[in-house]
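Since the structure comes first, as structure tokens, the remarks are kept for the end.
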Amino acid sequence: MTVNMTKGQAINLQKADGGTLTAVRMGLGWQAAKRRGLFGSRTREIDLDASAVLFADKQPVDVVFFRHLQSDDGSVRHTGDNLVGGVGQGGDDESILVDLQRVPVHIDQIVFTVNSFTGQTFQEVQNAFCRIVDETNGQEMARYTLDGGGQYTAQIMAKVSRVGTGWQMTALGNPANGRTFQDLMPSILPHL
Amino acid sequence: MTAELVRGQNHPVSHSRVEIRVSAGTPVLALASLADDRGRFSGPEALTHPGAPSLPGVRSPEELAERHAFPVDLDAVPAAVHTVGVVLVLPPGGPVRFGAVPASYVAVADPEGTELAGYTLTGLDGETAVVALELYRRQGAWKVRAVGQGYAEGLGALLADGGLPAPEAAALAAAALRTASRTGESDPTLATMPTLVRDLGSPRAPDEAPAPAPEPPDPLPASGSPYAGTPGPAAGGDVSPPTLGPGTLSYVHPRRRPSSTEPPEPAPRATAPAEPGMPPRPVAGDADGWSMEERLYNQVWGMFEDLARSVAAYRSAVEFADSRMDRELDAALSDPRHRLGGSGNAARDTARARRDDLVAQARAVLDRDLVQLVAECEVVEPALPAAYARWDNPVWHGHRIPGENPLALRLGDLHLPERPDLRIPMLARVPLERGLWIDNGRTGSEAAMAMDTDRLRRAAMDMAVAYAARLLAVHPGDRFSVHVIDAAGAGAASLAPLVRAGVLAAPPAAGAAGVTQTLAALTRRVDLVQMALRAGAPEDLPPDVDTAEQLLIVHDFPHGFDDRAVTRLRYLADEGPAVGMHLLMVADRDEASAYGPLLDPLWRSLMRLSPVPDDHLADPWVRHAWTFEPDLPPQGSQVLEQALRLIAEARRTGRP
């Protein structure tokens with residue numbers, strides 16, 4: 001059922017029965033990587049932040065992140081900042097809920113990003129993933145694994161954009177560097 | 001962790017002994033039905049009801065109540081039974097349909113009292129009996145499913161649907177309802193008009209077990225509200241309101257249908273049930289909260305936020321469309337290719353059309369949201385308790401002084417220019433966190449500029465009196481007192497109803513001496529209560545200290561105030577709210593301009609309200625400017641006087 005997406009792959013956000021989706025959740029989960037060293041069992045806390053930037057005609061008009069948990073129109077909601085990541089579970093540590101029906105008509109793209117607020121690179125993160133869930137029934141529609149992890153502190157995960165009357169999701173998986181979404185703007189723009 | 005079920009959803013039940021909890025907005029009968037693997041009832045013994053409350057594994061409550069809790073032992077249920085249904089039935093004589101009462105909530109709890117799963121019954125309309133939940137066997141284990149199947153024709157139809165022959169089903173339903181009204185009311189005269197009398201506050205029948213209420217009784221007279229009855233004139237000609245004994249007013253709505261022991265006829269369906277893909281029809285009380293009052297409060301705030309955000313979406317789309325059109329027009333103008341021929345005009349037309357198209361789309365989305373909110377407002381507004389209700393709400397005519405402090409208070413209405421007739425109640429939590437300031441200055445707003453000073457001042461003071469009356473009426477008799485400082489006596493005309501009814505703690509203080517005396521007394525009270533609270537010994541207060549919540553109305557500030565009095569007033573404004581001392585200023589800021597910036601913190605600490613519609617309030621989410629309009633008793637209405645009489649009466653009987 002779940003589509004494991006690869007970089008650049010696009011999927012249409014449609015239900016299995018052909019109906020359009022009404023609400024989706026972008027979930028982000030991670031665990032801090034074990035630190036190798038004298039005290040090998042000691043883990044370091046890593047604070048990853050999920051953000052969603054709302055674009056109209058390639059111009060950012062609103063953003064949902066840990067300091068602005070709900071878009072002004074109420075259609076995109078962040079469930080709250082998680083500072084440490086999952087403790088061994090595979091669940092979502094931060095979620096952004098998008099009520100696609102209520103997204104204002106001029107917003108045509110929503111870009112999801114992940115930043116390392118504490119500055120560690122993704123090399124130190126384990127089992128990081130981003131997934132799209134149909135919020136009405138809890139079914140996972142797509143999952144994108146942050147593979148490997150390199151010397152970068154941010155990733156532009158995916159975008160959800162209007163296609164005709166519905167929406168489609170494109171996995172981007174583009175590494176970048178930055179502490180919050182603002183630093184990523186130059187890297188986001190080429191993907192619009 | 002309670003699983004909130006939606007209709008049709010199921011959830012495992014990990015315990016064999018569970019408790020079914022019902023919380024309805026009106027007294028209901030809770031029954032349990034036992035069905036076999038094909039969902040059929042085997043006979044009259046398949047239903048627990050007040051006449052036969054026990055079946056193996058199940059014991060359902062015997063009386064009508066808003067809250068029920070009853071045990072189910074799933075191990076003891078006979079093997080042939082595959083489904084245990086929880087059925088709610090509206091009693092005869094009460095509300096005639098579930099659509100007219102706040103949504104009920106049904107939950108399954110484990111023996112420790114933790115709720116495993118809960119379900120709010122939304123979307124009901126003309127139904128009088130409903131299967132709320134069912135516990136069912138699935139591969140040797142029990143699960144619970146949210147059902148929400150209602151029957152407009154009542155319990156008989158529900159039973160017939162389960163396979164009982166129609167006459168048998170009707171007989172069983174009649175027996176269940178008959179015994180319900182018998183066990184619920186021992187007095188035969190009461191039994192003929194069961195809920196009307198009970199809900200209006202007459203003493204409960206002595207043998208009626210108190211409902212297992214973990215919270216105080218709701219002041220919301222759900223079924224006492226005329227909205228709960230069938231609208232339109234009564235079919236049976238004149239109905240003389242029942243007399244409730246000497247000294248008791250009858251609050252029965254004249255057009256209410258006569259109640260009887262027969263099951264009520266279902267009300268006509270106003271609208272068809274929600275189409276697939278359409279939003280569900282709104283229900284009053286469809287929000288979280290411990291009590292119906294809290295649920296309604298949260299629902300109103302939810303509506304407030306939804307309207308703010310929907311309008312924000314619309315405004316941002318329009319703004320974007322405009323700026324895009326400007327950009328495109330600029331581009332069309334500067335493009336040298338358009339200098340010759342008509343292509344420039346075409347480009348401009350395209351830009352305008354694109355703008356209009358986007359605005360139309362945004363408006364369509366906004367209208368969709370507004371329709372939903374208007375519909376929600378229409379069901380919520382009539383269901384509001386007195387503290388939240390407009391003065392013209394009929395709930396005020398049946399109002400009784402409650403036994404508990406209210407959760408919040410309606411200060412007025414809020415609306416936005418996009419839909420001026422959609423009024424969101426502006427509710428403030430009680431005790432008020434900050435004082436109120438009714439601005440009677442003409443420079444405050446455009447609407448005030450257009451009024452002459454005398455009328456504006458009168459309107460502001462009338463508004464203050466209406467707030468005082470509302471606060472008094474929704475607090476228990478001796479839990480709220482009102483003081484007035486009216487140094488020049490200019491507010492006497494507005495204050496007359498309060499003075500006449502004798503509900504003020506003392507006559508309005510006049511002159512500099514009166515101001516000083518009142519402020520000194522209230523300052524002392526705040527000081528003593530603060531000290532007592534800090535010392536953790538509130539019982540050691542001197543006997544002359546009034547521990548009730550206080551409201552101080554200050555009119556014509558700073559007339560009659562010396563520096564010392566001003567300092568005391570600021571002390572009350574700062575320290576008062578924490579110890580139940582509210583300040584309500586009716587003042588023109590310009591008149592106190594002699595104090596310079598010294599008083600700015602005082603004005604800032606108060607919530608500014610205006611006696612005329614004015615858009616100075618911002619919502620906490622997107623900061624729209626909302627137009628505030630005070631809610632005043634309708635012209636010529638006696639509702640304020642009536643409320644004040646009630647208060648005075650409660651004072652007389654409440655205090656020795």
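Structure values in brief
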| item | result |
| --- | --- |
| Neighbour-count order for B:523, A:121, A:113, fewest beta carbons within 10 angstrom listed first | A:121, B:523, A:113 |
| Residue A:83-residue B:537 pseudo-label distance in nm [points 7 Å out on the Cα-to-Cβ vector] | 4.1 nm |
| Residue exposure sequence - B:120, A:79, A:165 - by fewest surrounding Cβ within 10 Å | A:165, A:79, B:120 |
| Placed amide H near residue B:609: partners under 5 Å, 5+ positions off or other chain | B:437, B:438, B:439 |
| Order of A:129, A:112 under a 10 Å beta carbon neighbour criterion, fewest first | A:129, A:112 |
| The range B:361-373 - phi-based ³J(HN,Hα) in whole Hz, Karplus 6.51/-1.76/1.60, Gly and Pro as x | 4, 5, 5, 4, 5, 4, 4, 4, 5, 5, 4, 5, 5 |
| Under-5 Å amide H pairs with residue B:475, H placed in peptide plane, nonlocal only | none |
| C-alpha center-to-center spacing [the range B:280-328, the range B:600-656] in angstrom | 24 Å |
| Net charge of neighbours whose Cβ lies under 15 Å from the Cβ of residue A:179, counting Lys and Arg as +1 and Asp and Glu as -1 | -3 |
| Between the range B:100-134 and the range B:539-596, the alpha-carbon center distance in angstrom | 47 Å |
| Calculated from backbone phi, Karplus (6.51, -1.76, 1.60) coupling profile of the range B:634-651 in Hz, x at Gly/Pro | x, 3, x, 7, 9, 5, 5, 4, 4, 4, 5, 4, 4, 5, 4, 5, 4, 4 |
| Segment residue B:607-residue B:653, extension gain: residue separation times 0.36 nm, minus the distance between their alpha carbons | 13.1 nm |
| Neighbouring partner chain Cβ atoms per residue of A:64-71, average, 10 Å criterion | 1 |
| Around residue B:623: net Lys/Arg minus Asp/Glu count, Cβ-Cβ under 13 Å | -2 |
| Average beta-carbon neighbours from other chains, 10 Å sphere, peptide B:356-369 | 2 |
| Integer Hz, Karplus 6.51/-1.76/1.60 couplings in order for the range B:348-354, x for Gly and Pro | 5, 4, 4, 4, 5, 5, 4 |
| Amide H contacts under 5 Å for residue A:125, placed H, 5+ residues apart | A:33 |
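Each value in this text was obtained by applying a stated rule to the coordinates, not by laboratory testing. What you see is a predicted model, and the numbers here were worked out from it, not measured in a lab. Note: ideal-geometry Cβ built from the backbone for every residue, glycine included; neighbour counts use all protein chains shown.
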